2 protein chains.
Amino acid sequence: MQSHSYADKNYGALLDPEDLPRQWYNIVPDLPEKLEPMLNPHTHEAMGSKDFEALFPKELVKQQFSQESWWDIPEQVWDAYRRLPRPSPLVRAKRLEEYLKTPAKIYYKAEQFTPVGSMKPNSALPQAFYAKKQGLSLAISETGAGQWGSALAMSCSWFRLPARIYMVRVSSRQKPGRKILMETYGAQVIESPSANTKVGKRFLTEDPNHPGSLGIAISEAIEDTFASQNSRYLLASAFNYALGHQTIIGLETLKQFELLDIIPDVMCGCIGGGSNYSGFIYPFVRKKLRKKIDTEFVACEPKAVPSTTKGQFTYDYADTAEQTPLVKMYTVGHDFANPPIHAGGLRYHGKAPSLSLLIHKKIVKSIAYPQTKVFEAAKIFAMTEGVITAPESSHGLRYAIDEALRCKKTGEKKVIAFNNCGHGLLDLSAYDEYNKGKLVDWEPKEIALKQYVTSN
Amino acid sequence: MQSHSYADKNYGALLDPEDLPRQWYNIVPDLPEKLEPMLNPHTHEAMGSKDFEALFPKELVKQQFSQESWWDIPEQVWDAYRRLPRPSPLVRAKRLEEYLKTPAKIYYKAEQFTPVGSMKPNSALPQAFYAKKQGLSLAISETGAGQWGSALAMSCSWFRLPARIYMVRVSSRQKPGRKILMETYGAQVIESPSANTKVGKRFLTEDPNHPGSLGIAISEAIEDTFASQNSRYLLASAFNYALGHQTIIGLETLKQFELLDIIPDVMCGCIGGGSNYSGFIYPFVRKKLRKKIDTEFVACEPKAVPSTTKGQFTYDYADTAEQTPLVKMYTVGHDFANPPIHAGGLRYHGKAPSLSLLIHKKIVKSIAYPQTKVFEAAKIFAMTEGVITAPESSHGLRYAIDEALRCKKTGEKKVIAFNNCGHGLLDLSAYDEYNKGKLVDWEPKEIALKQYVTSN
């Protein structure tokens with residue numbers, strides 16, 4: 001059958017909808033080292049899949065422990081992806097290049113076209129699908145700035161599954177938009193810390209107006225899941241299955257670059273928990289590990305939460321209340337104070353284990369940016385390409401611009417690709433601060449990390 | 001050359017980017033009657049193209065008076081369209097159909113994917129392009145809720161033309177998002193009424209906190225244009241050229257339905273000034289006037305501003321301060337009070353002359369909806385299709401749903417198409433009111449219209 005894919009080096013590439021991948025890629029069996037097991041927070045013993053089934057849907061636990069390289073995408077999820085719509089375009093940022101006067105070529109994967117404006121539904125849809133298929137009657141989760149929460153609320157409404165979402169109080173108050181979005185999809189949104197859980201009550205006792213944090217919201221969601229009948233916890237990032245689902249981004253991107261007959265020299269993107277960037281690069285990392293390509297990978301994080309640039313690769317809790325297993329990852333510590341930055345999606349203290357390992361092994365580099373430099377990049381992008389990037393995505397964009405400027409000096413014609421994981425139309429107050437010169441930078445003075453388990 | 005267009009009755013149709021139309025369609029020579037001339041507001045004499053060149057860019061004046069059926073799209077505008085991106089998808093709303101249990105098929109044209117979230121750049125881009133090409137140094141305009149203003153600001157930044165935009169004060173205060181968006185694109189935004197103009201000062205004297213209206217903002221923009229060196233006024237809707245530019249929507253839709261081998265039975269959409277809906281249907285109206293198809297056209301307006309359902313087809317001013325020419329159109333009167341509690345957009349008192357004539361001649365029907373019914377439709381759409389429609393677009397969606405429900409009763413398998421002219425991610429406060437049951441309906445008790453010129 002004839003393909004309807006379209007490629008033009010000046011504009012980018014659009015895939016034939018029939019060429020939307022039918023499988024996700026799981027990097028775990030290809031990693032240069034075995035991932036360290038998650039440990040029971042009390043006994044410090046390695047945990048197996050059975051230990052997770054009370055908290056997560058079965059199929060997701062299976063994927064979490066999977067040693068298979070490829071997972072079939074269920075037909076209903078494939079159909080839902082199609083309607084997001086996927087495949088998403090790979091776009092040439094030609095006007096940005098012209099503005100920078102660079103010989104480099106800049107392409108970006110445009111993940112901002114989903115109904116909620118980010119790539120989050122790539123994992124929220126299958127998670128909601130598997131939960132519904134298992135016959136569960138409630139999905140519970142948490143959200144910081146609301147990107148994950150709104151994607152999950154949409155996905156649960158898609159598969160007709162009730163959802164309850166704990167939203168970090170300060171985000172809920174400062175950016176009511178995403179809360180309204182979740183409610184419009186029919187989800188129940190609870191400000192965290194809340195009186196719904198013991199953990200929440202503890203923090204409310206300390207401070208009745210406690211601003212909350214992602215770590216606390218995770219603790220509440222987990223406690224509530226164990227307390228609620230026939231419910232499971234659906235999580236945004238970091239876990240192997242969330243990263244696997246997001247490889248739909250990179251698998252499409254790979255096909256698109258093949259259509260353009262290009263191998264990107266550099267691939268950059270932002271890291272919060274790490275799922276969007278991992279999803280973007282893992283199909284390329286697979287090729288690099290097989291020595292078929294020599295692409296450089298650069299993960300970009302905020303200086304306010306410098307997990308991979310100033311944190312440690314060690315065991316730490318995934319939540320604040322120390323309820324979750326201990327995970328071997330880059331972290332600035334699970335008691336890290338909520339950083340005052342606008343990229344709400346990048347506030348999390350830890351990073352995905354597989355990505356952490358790849359950074360530790362120097363297969364993926366990482367860099368940290370202060371937010372004023374990030375918004376400067378976002379403003380340039382808006383004025384040239386017309387697109388308002390999410391504060392999160394703008395971290396990857398910043399690196400793309402800096403690399404293009406280096407090429408201007410050296411004359412190199414590198415191909416630079418970044419993942420535009422979302423738009424910033426619900427983050428305009430941050431742009432307003434930047435426009436008015438009110439945005440300030442912040443970074444932690446020192447990061448004192450407790451060692452929970454001696455690193456192997 | 002092989003086409004890369006894709007069509008599937010279950011999903012919709014995507015056009016090959018190379019098939020993006022190269023010409024706009026101008027309905028004027030095909031209208032069943034000649035359009036009445038615009039009249040000088042003081043002498044009531046018919047105005048010619050020369051009378052407009054001090055206010056509008058030359059090429060736009062030429063298009064306004066054009067009797068040609070087709071206008072070439074300049075290469076730079078075609079390229080800009082491509083990068084919006086265009087062509088936009090035609091989408092099957094299959095999940096909505098399933099929810100409604102209707103035998104009807106519902107398709108929508110997805111205009112929400114532009115950087116500003118609406119179809120407005122379709123005209124803002126060529127307007128900014130022509131202004132820049134003429135060597136002008138400033139574009140001036142006005143905006144209500146900010147859809148047009150943000151599209152114009154983006155387009156002016158695209159073609160590197162400074163922009164000054166008068167924004168209705170109450171919108172600027174209630175919905176700061178679009179103001180920030182305009183500023184992010186580098187435009188100067190002035191709350192209207194302002195002390196910048198005589199008109200503005202007059203209203204500020206009456207009430208220092210005057211909420212403003214679109215009619216007043218138009219008056220200010222026009223006064224400022226005449227007072228400013230080498231500037232012209234770029235306008236959102238109603239004029240023939242704005243409608244012509246928007247036919248890019250309908251021309252694509254026509255190709256897409258041809259690919260699907262479908263002739264839509266009903267095409268509906270919302271009308272404010274009338275440009276998005278005209279752009280959507282005019283290429284089909286052309287075929288209907290030639291008796292090649294028998295599609296039914298239904299224009300949807302709010303009951304709060306019932307121009308075509310309770311207003312008159314007569315001469316009226318386009319602005320509040322009576323500075324503009326008199327235009328023969330459907331109107332509720334240029335002194336129509338701003339509806340007090342209206343969240344649904346579409347507040348302008350008049351409608352485009354060509355569309356008004358087609359409604360008057362019963363070639364296009366019209367219907368008015370109260371906003372609670374409109375948001376009910378939007379909520380159903382969000383819960384089924386996942387997409388948050390703009391309150392404006394939801395008027396067309398409401399008709400599509402009602403027609404699909406009629407088909408459920410009669411068993412008819414009609415194909416219903418509506419234009420989803422924008423998303424509602426910057427209108428979430430209105431959704432919040434609806435979610436909380438706080439949204440109320442309002443409609444004018446009576447509409448007393450002055451006759452300015454005896455209707456011919």
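Can you name the residue in the stretch B:1-14 that is in a strand (DSSP E or B) and out of contact with any Ser or Thr (no Cβ under 8 Å at 6 or more places or on another chain) and is also surrounded by the most Cβ atoms within 10 Å (Cβ to Cβ) among such residues?
The initial filter retains those residues of the stretch B:1-14 that are in a strand (DSSP E or B), namely B:6-8, B:12-14.
From what is left, the residues that are out of contact with any Ser or Thr (no Cβ under 8 Å at 6 or more places or on another chain) are B:6-8, B:12.
Details: B:6: 23, B:7: 19, B:8: 14, B:12: 26.
By that ranking, first place goes to B:12.
Looking only at helices (runs of 4 or more DSSP H) that lie completely in the stretch A:48-118, which have at least 1 residues being hydroxyl-bearing (Ser, Thr, Tyr)? Lay out the reasoning, then the answer.
Numbers: elements: A:58-64, A:75-82, A:94-100.
Where helices (runs of 4 or more DSSP H) fall fully within the stretch A:48-118 and carry at least 1 residues being hydroxyl-bearing (Ser, Thr, Tyr), they are A:75-82, A:94-100.
Quick one: in the stretch A:15-50, which of the residues that are within 14 Å of chain B (Cβ to nearest Cβ) and out of contact with any helix residue (DSSP H, G or I) (no Cβ under 7 Å at 6 or more places or on another chain) is surrounded by the most Cβ atoms within 10 Å (Cβ to Cβ)? Show your work before the answer.
Within the stretch A:15-50, the subset within 14 Å of chain B (Cβ to nearest Cβ) is A:15-20.
Of the ones still in play, those that are also out of contact with any helix residue (DSSP H, G or I) (no Cβ under 7 Å at 6 or more places or on another chain) are A:16, A:18.
Values: A:16: 18, A:18: 14.
Taking the candidates together, the pick is A:16.
Condition test on residue A:381, is it within 25 Å of residue B:173 (Cα to Cα) and part of a helix (DSSP H, G or I)?
Numbers: within 25 Å of residue B:173 (Cα to Cα): no; part of a helix (DSSP H, G or I): yes.
Answer is no for this residue.
Looking at (1) away from chain A (no Cβ under 14 Å); (2) open to solvent by less than 10 Å² (accessible area, probe 1.4 Å), which is the only condition residue B:373 fails?
The failed condition is (2).
Looking at residue A:95 and the list (1) of a type outside the set (Asp, Glu); (2) at pLDDT 95 or above; (3) more than 23 Å from residue A:389 (Cβ to Cβ), which single condition is not satisfied?
For residue A:95, the exception is condition (3).
Answer yes if at least one residue in the stretch B:23-45 is outside any loop (DSSP other than H, G, I, E, B), touching a Leu at 6+ places or on another chain (Cβ under 9 Å), outside the structural domain of residue B:222 (by TED's automatic domain parsing) and under 30 Å from residue A:93 (Cβ atoms), and no otherwise.
Taking the stretch B:23-45 as the starting set, the residues that turn out to be outside any loop (DSSP other than H, G, I, E, B) are B:23-25, B:28-30, B:39.
Right, trim to touching a Leu at 6+ places or on another chain (Cβ under 9 Å) and you get B:23-25, B:28, B:30, B:39.
Then drop every residue that is not outside the structural domain of residue B:222 (by TED's automatic domain parsing), which leaves B:23-25, B:28, B:30, B:39.
Remaining after also requiring under 30 Å from residue A:93 (Cβ atoms): B:23-24.
Yes: one or more hits.
Just the residues that are under 24 Å from the mean Cα position of the chain (by Cα), more than 14 Å from chain A (Cβ to nearest Cβ), modelled with pLDDT of 95 or more and part of a loop (DSSP other than H, G, I, E, B), please, taken from the stretch B:413-456.
B:421
Among the residues of the stretch B:180-200, count how many are within 14 Å of another protein chain (Cβ to nearest Cβ) and either surrounded by fewer than 24 Cβ atoms within 10 Å (Cβ to Cβ) or aliphatic (A, V, I, L, M) (or both).
Summing the residues that are within 14 Å of another protein chain (Cβ to nearest Cβ) and either surrounded by fewer than 24 Cβ atoms within 10 Å (Cβ to Cβ) or aliphatic (A, V, I, L, M) (or both) in the stretch B:180-200 gives 8.
Taking the stretch A:93-107 as the search range and keeping residues that are within 12 Å of chain B (Cβ to nearest Cβ) and open to solvent by less than 20 Å² (accessible area, probe 1.4 Å), which one is nearest to residue A:249 (Cα to Cα)?
First, the residues of the stretch A:93-107 that are within 12 Å of chain B (Cβ to nearest Cβ): A:93-96, A:98-99.
Going one step further and asking which of them are open to solvent by less than 20 Å² (accessible area, probe 1.4 Å), we end up with A:93, A:96.
On the way: A:93: 18, A:96: 22 Å.
Selected residue: A:93.
Consider residue A:176 against the criteria (1) modelled with pLDDT of 95 or more; (2) farther than 22 Å from residue A:325 by Cβ: it satisfies all of them except one. Which criterion is unmet?
(1)
Among the candidates A:309, A:225, single out the residue that is assigned by TED's automatic domain parsing to the domain that holds residue A:353, over 16 Å from the mean Cα position of the chain (by Cα) and at negative phi.
On the way: A:225 fails: assigned by TED's automatic domain parsing to the domain that holds residue A:353.
Criteria check complete, one pass: A:309.
Restricting the first residue to the stretch A:376-388 and requiring it to be under 18 Å from residue B:113 (Cα atoms) and facing chain B (nearest Cβ under 8 Å), which pairs with a second residue that is outside any loop (DSSP other than H, G, I, E, B) and of a type in the set (Val, Ile, Thr) meet a Cβ separation below 6 Å and a spacing of at least six or different chains?
Short answer, once both residue conditions are applied: A:382/B:184.
Restricting the search to the stretch A:265-278, which residues are in contact with an Asp or Glu (Cβ under 9 Å, 6 or more places away or on another chain) and at pLDDT 95 or above?
Initial filter on the stretch A:265-278 (in contact with an Asp or Glu (Cβ under 9 Å, 6 or more places away or on another chain)): A:265-268, A:270-272, A:276.
Across the stretch A:265-278, the qualifying residues are A:265, A:266, A:267, A:268, A:270, A:271, A:276.
Tell me which residues, restricted to the stretch B:51-81, are within 14 Å of another protein chain (Cβ to nearest Cβ) and open to solvent by less than 20 Å² (accessible area, probe 1.4 Å). Break it down stepwise before answering.
Taking the stretch B:51-81 first, the residues within 14 Å of another protein chain (Cβ to nearest Cβ) are B:75-81.
Hits for the stretch B:51-81 are B:77, B:78, B:80, B:81.
Filter the stretch A:119-144 for residues that are out of contact with any Leu (no Cβ under 6 Å at 6 or more places or on another chain), away from every other protein chain (no Cβ under 14 Å) and not in a helix (DSSP H, G or I) and give the result.
Residues satisfying the conditions are A:119, A:134, A:135, A:136, A:137, A:138, A:140, A:142, A:143.
Being basic (Lys, Arg) and free of Cβ contacts under 8 Å to residues at least 40 places away in the same chain is the filter here, so list the residues in the stretch A:111-141 that pass it. Outline the logic, then answer.
First, pick out the residues of the stretch A:111-141 that are basic (Lys, Arg): A:120, A:132-133.
A:132, the sole residue that qualifies.
Can you confirm whether the stretch B:269-287 contains a residue that is crowded, with 23+ Cβ neighbours inside 10 Å and assigned to a strand (DSSP E or B)?
Within the stretch B:269-287, the first condition is being crowded, with 23+ Cβ neighbours inside 10 Å, and the residues that meet it are B:269-282, B:285.
Checking which are assigned to a strand (DSSP E or B) leaves us with B:269-270.
Yes, because at least one residue in the stretch B:269-287 is crowded, with 23+ Cβ neighbours inside 10 Å and assigned to a strand (DSSP E or B).
Of all residues in the stretch B:216-254, which are out of contact with any strand residue (DSSP E or B) (no Cβ under 8 Å at 6 or more places or on another chain) and among the small types (Gly, Ala, Ser)?
Applying the first criterion (out of contact with any strand residue (DSSP E or B) (no Cβ under 8 Å at 6 or more places or on another chain)) to the stretch B:216-254 yields B:219, B:223, B:226-227, B:237, B:239-243, B:246, B:254.
B:219, B:227, B:237, B:242 - these are the residues of the stretch B:216-254 that are out of contact with any strand residue (DSSP E or B) (no Cβ under 8 Å at 6 or more places or on another chain) and among the small types (Gly, Ala, Ser).
Looking only at the stretch A:154-179, filter to residues that are within 10 Å of chain B (Cβ to nearest Cβ) and assigned to a helix (DSSP H, G or I); which one of those is most open to solvent (accessible area, probe 1.4 Å)?
Across the stretch A:154-179, the extreme among qualifying residues is A:176.
Report, by residue number, each residue of the stretch A:201-227 that is of a type outside the set (Val, Ile, Thr), crowded, with 24+ Cβ neighbours inside 10 Å and in a helix (DSSP H, G or I).
Once the filter is applied, which keeps residues that are of a type outside the set (Val, Ile, Thr), crowded, with 24+ Cβ neighbours inside 10 Å and in a helix (DSSP H, G or I), the stretch A:201-227 yields A:214, A:215, A:217, A:219, A:220, A:221.
Just the residues that are in contact with a helix residue (DSSP H, G or I) (Cβ under 8 Å, 6 or more places away or on another chain) and of a type in the set (Val, Ile, Thr), please, taken from the stretch A:296-347.
A:298, A:305, A:308, A:320, A:324, A:327, A:341
Within the stretch A:251-260, which residues are touching a residue at least 12 places away in the same chain (Cβ under 8 Å) and open to solvent by 10 Å² or more (accessible area, probe 1.4 Å)? Let's see the steps before the verdict.
Our first condition is that a residue be touching a residue at least 12 places away in the same chain (Cβ under 8 Å); within the stretch A:251-260, this holds for A:251-257, A:259-260.
Once the filter is applied, which keeps residues that are touching a residue at least 12 places away in the same chain (Cβ under 8 Å) and open to solvent by 10 Å² or more (accessible area, probe 1.4 Å), the stretch A:251-260 yields A:251, A:254, A:255, A:259.
So which residues in the stretch B:31-52 are touching a Lys or Arg at 6+ places or on another chain (Cβ under 9 Å) and of a type outside the set (A, V, I, L, M, F, W, C)?
B:32, B:33, B:36, B:37, B:49, listed by residue number.
Among A:384, A:410, which is over 25 Å from the mean Cα position of the chain (by Cα), among the polar types (S, T, N, Q) and open to solvent by 40 Å² or more (accessible area, probe 1.4 Å)? Even if it seems obvious, please write down each step before you answer.
Details: A:384 fails: open to solvent by 40 Å² or more (accessible area, probe 1.4 Å).
Of A:384, A:410, the one residue that is over 25 Å from the mean Cα position of the chain (by Cα), among the polar types (S, T, N, Q) and open to solvent by 40 Å² or more (accessible area, probe 1.4 Å) is A:410.
When you check residue B:133 against the structure, is it at pLDDT 95 or above, farther than 21 Å from residue A:429 by Cα and open to solvent by 10 Å² or more (accessible area, probe 1.4 Å), yes or no?
Details: at pLDDT 95 or above: yes; farther than 21 Å from residue A:429 by Cα: yes; open to solvent by 10 Å² or more (accessible area, probe 1.4 Å): yes.
Yes: the conditions hold for residue B:133.
The values are calculated or read from the model by the stated rules, or taken from the named source; none is laboratory data. Since we're looking at a predicted model, the values are computed, not measured. Because the Cβ atoms are built from the backbone with ideal geometry, glycine has one as well, and the counts that use them run over all protein chains shown. For the accessible areas, the whole protein counts, side chains as well, though only heavy atoms, and no ligand, DNA or RNA atoms are used. Shrake-Rupley method; radii C 1.70, N 1.55, O 1.52, S 1.80 Å.
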